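Okay, structure first, notes after.
The values are calculated or read from the model by the stated rules, or taken from the named source; none is laboratory data. What you see is a predicted model, and the numbers here were worked out from it, not measured in a lab. With ideal geometry, Cβ positions are generated from the backbone for all residues, glycine too; neighbour counts draw on all protein chains shown. Only protein heavy atoms, including side chains, enter the accessible area calculation; ligands, DNA and RNA are left aside. Shrake-Rupley method; radii C 1.70, N 1.55, O 1.52, S 1.80 Å.
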Amino acid sequence: MARVNLILAVLAAILLVAATLIITWMVFKRGIGLQSSWELETAIELMIGATFLASPYTLVTGGHVKMDLLDSLLSGTSGRWMTLLPKVLACAVCFYLGCAGLELTIHAYATHERALGVWQPLVWPKYSTVAVGMLLTAFQYVLEILRALGTRRREMKNV
């Protein structure tokens with residue numbers, strides 16, 4: 001799983017660099033008086049994909065926003081359960097979003113759905129990043145939960 005997370009993070013970084021270059025090109029081009037519409041749409045599509053594909057790696061590296069003030073105030077069993085409960089809820093939400101993204105991807109692929117706008121790219125690639133990113137993030141949460149439960153069991157044996 002660590003390799004998959006790293007590969008997706010590198011892919012997300014490449015997508016962000018591409019989006020940055022496209023936006024820079026767009027600003028330069030408009031600065032000299034030329035216009036086209038594909039740049040902004042493409043950059044947005046790339047940034048959406050990067051956001052979802054980087055999600056599992058962000059979770060592993062501790063980059064997700066978390067509320068740890070309550071964890072630090074609680075001790076003992078309640079503190080341990082308070083660290084586990086948000087992970088379980090986040091796992092459920094990510095799993096739901098991943099399944100919804102998969103459903104959207106399948107529907108968009110079958111119907112050849114296109115985005116609104118001048119360029120009108122197919123939307124299934126964008127939706128697939130939601131499905132892949134959120135399902136892998138849910139799986140990563142399962143691993144985090146199992147790790148937390150394993151740590152808890154070891155602590156209980158040592159007491």
Exercise. Does Leu6 fit the bill of being over 30 Å from Leu122 (Cβ atoms), open to solvent by 80 Å² or more (accessible area, probe 1.4 Å) and either at pLDDT 85 or above or of a type in the set (A, V, I, L, M, F, W, C) (or both)?
Worked result: no
Exercise. Based on what the data block shows, is Ile145 of a type in the set (A, V, I, L, M) and modelled with pLDDT of 95 or more?
Worked result: no
For this session: May I ask you to list pairs of residues, at least six apart or on different chains, whose Cβ atoms are under 8 Å apart, with the first in the stretch 101-118 being touching a residue at least 12 places away in the same chain (Cβ under 8 Å) and of a type in the set (Phe, Trp, Tyr) and the second being part of a loop (DSSP other than H, G, I, E, B) and open to solvent by 70 Å² or more (accessible area, probe 1.4 Å)?
Result: none
Problem set entry | Subset of the stretch 24-57 [charged (D, E, K, R) and modelled with pLDDT of 90 or more] | Glu45
For this session: Would you mind stating whether Ala115 is in contact with a strand residue (DSSP E or B) (Cβ under 9 Å, 6 or more places away or on another chain), open to solvent by less than 90 Å² (accessible area, probe 1.4 Å), farther than 19 Å from Tyr141 by Cβ and at pLDDT 95 or above?
Result: no
Problem set entry | Hey, Leu21 at pLDDT 90 or above, open to solvent by less than 70 Å² (accessible area, probe 1.4 Å) and in a helix (DSSP H, G or I) or not | no
Seminar exercise, completed: Per the list (1) open to solvent by 90 Å² or more (accessible area, probe 1.4 Å); (2) within 18 Å of Gly98 (Cα to Cα); (3) not hydroxyl-bearing (Ser, Thr, Tyr), residue check on Ala12 breaks on (1)
Seminar exercise, completed: For the stretch 24-43 the number of residues that are touching a residue at least 24 places away in the same chain (Cβ under 8 Å), surrounded by fewer than 18 Cβ atoms within 10 Å (Cβ to Cβ) and part of a helix (DSSP H, G or I) is 3
